[in-house]
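Report on the following structure.
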Amino acid sequence: MQIINFENFHEDLMTSIDGDGAIIMNSIVAGAESLGTNFKVVKTRERAALVRLEVKDAWAPASDDFNPKAALEVKSRFASFKEGDIDLEITLSQIKEVYQSYIGWIKAPGRTLNEVNDNPFELFFLNHIIAKHFEFVRLKTAWNGVYNAAGAGAGSLADGFITMFIAGRAVGGDIATNHVFDGEVITAANAYAQVNGVADLVASASPNMLLEDLNVYLSRQAYDNYRKNRRALFPTHVGPADRPDVLDDYSNMKFAVDPGLVGKSHISIAPQKNMLFVCNDDPGKYRLSIVKDVKSYKLSIRASLGFDYASPDWAFMNDQN
């Protein structure tokens, strides 16, 4: 294996990218998927519909009358993106440290020559940087992000779901009032009723959604309070080791404990297809620059991305933020 010339790292990295924003875009998508989240990763263009086509049932007994039905069953939102930068100053020793991880990756059992050839160190390094930054995006942006609020850090990269849900619930927003549960701060004394309160809204407002798999997004603390409350309500049947995967009363609703909701009393119930990480499909929106300084390299990555819910018709929640 040819040893990389670290002194020319900036040139080698730019040569590997070769001005191709699609490589950066694919690294962004891979970074999102590597988190193993309960969101759906979507590549699309600005103003594209986030719900492709959900056709409404227009069948009727044959007759001489024409009674048309609206084509779409659900309201669709449109993709919009925020541009963000990853600005880093990286020393030669840090680059060499990542290189040691690369050597370990190459030597992994079962690694093929094609995999190694398709992943030179420069691309491995880029993916490493982006994957690490998606840990911040997952924890600070997905739910709690407020665009440009602080100007720095992942929390200011884009609006998170809670910010968008607050706007959607406001007067003139697109989320119906019967999709929002009048909730309370979740405790070990009320968690069971709080979770079921949101679930009951799904059953009453959109019973057809009981036919598909839904995620119940909540924090670890809220989930543990649900367990404690459930144990207190049903002491004969529930023990301290019970960790339910689904709601007792709704077998299609699966718990999705989300690290981005830590400390929050927010509950959302939705199909995974409604909770999106959206990535701009225009490679021209992705750029990379790297400049060699005296003792370090200055690296800047431009990305175009965001979070959104595909349709307000598939979003149910409490009013706790």
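Shape class of the chain from the Cα gyration tensor (axes a ≥ b ≥ c, square roots of the eigenvalues): prolate, since a/c reaches 1.5 or more and a/b is larger than b/c. For the peptides 222-234, 42-54, residues were scored by their other Cβ atoms within 10 Å and the scores averaged per peptide; the highest-first order is 222-234, 42-54.
Projecting the Cα atoms of 146, 88, 176 onto the charge dipole of segment 88-191, computed from C-beta unit charges around the Cα centre, puts 88 farthest toward the positive end. Loop-located trypsin sites (Lys or Arg not before Pro) across segment 243-315 with a Cβ neighbour count of 13 or fewer within 10 Å are 295, with loop assigned by DSSP.
Assuming charge only on the beta carbon of Lys and Arg (+1) and of Asp and Glu (-1), the dipole of the chain about its Cα centre is about 620 debye to the nearest 20.
I'd like the orientation of helix 220-233 relative to the chain: the angle between its Cα long axis and the longest Cα principal axis, in ° from 0 to 90, rounded to 10. Here the helix axis deviates by roughly 30 degrees. Label sites at residue 295 and residue 200, each approximated as a point 7 angstrom past Cα along Cα to Cβ, lie 6.4 nm apart. For segment 102-137, chymotrypsin sites (Phe, Trp or Tyr not before Pro) meeting the loop criterion (DSSP other than H, G, I, E, B) and having at most 10 other Cβ atoms within 10 Å: none.
Set the Förster radius R0 to 51 Å, insert the Cβ-Cβ distance between residue 193 and residue 98 as r into 1/(1 + (r/R0)^6), and round the FRET efficiency to 0.05. All intermediate terms of the calculation are to be shown ahead of the outcome.
Working: r = 49 Å, r/R0 = 0.97.
Between residue 193 and residue 98 the formula returns 0.55.
Taking each residue as 0.36 nm, the span from residue 40 to residue 115 lengthens on full extension beyond its C-alpha to C-alpha distance by 24.4 nm. Remark: segment 207-312 carries a charge dipole of roughly 680 debye about the Cα centre, counting +1 on each Lys and Arg Cβ and -1 on each Asp and Glu Cβ.
A Förster radius of 45 Å combined with the Cβ-Cβ distance from residue 8 to residue 53 puts the calculated FRET efficiency at roughly 0.35. Relative to the longest principal axis of the Cα atoms of the chain, the long axis of helix 121-136 makes an angle of roughly 40 degrees.
Using Cα atoms only, what is the angle between the long axis of helix 92-106 and the major principal axis of the chain, expressed in degrees (0 to 90) to the nearest 10? Tilt relative to the chain: about 70 degrees.
Between the residues 58, 36, 72, the greatest Cα displacement towards the positive end of the dipole of segment 25-80, with unit charges on the Cβ of Lys, Arg, Asp and Glu, is found for 36. Helical content of the chain, expressed as a calculated mean residue ellipticity at 222 nm, amounts to -9500 deg cm²/dmol (DSSP H runs of 4 or more residues, -39,500 (n - 2.57) each, divided by residue number, nearest 500). Structural descriptor for the chain: relative contact order 29 percent, calculated from alpha carbon pairs under 8 angstrom and at least 6 residues apart. Here the dipole of segment 54-125 is about 240 debye; that uses its Cα centre as origin and unit charges on the Cβ of Lys and Arg (positive) and Asp and Glu (negative).
Throughout, read-outs are computed from the coordinates displayed, never taken from laboratory work. Since the model is a prediction, treat every value here as computed from it, not as a measurement. In this analysis, Cβ positions are derived from the backbone assuming ideal geometry, glycine residues included, and neighbour counts consider all displayed protein chains.
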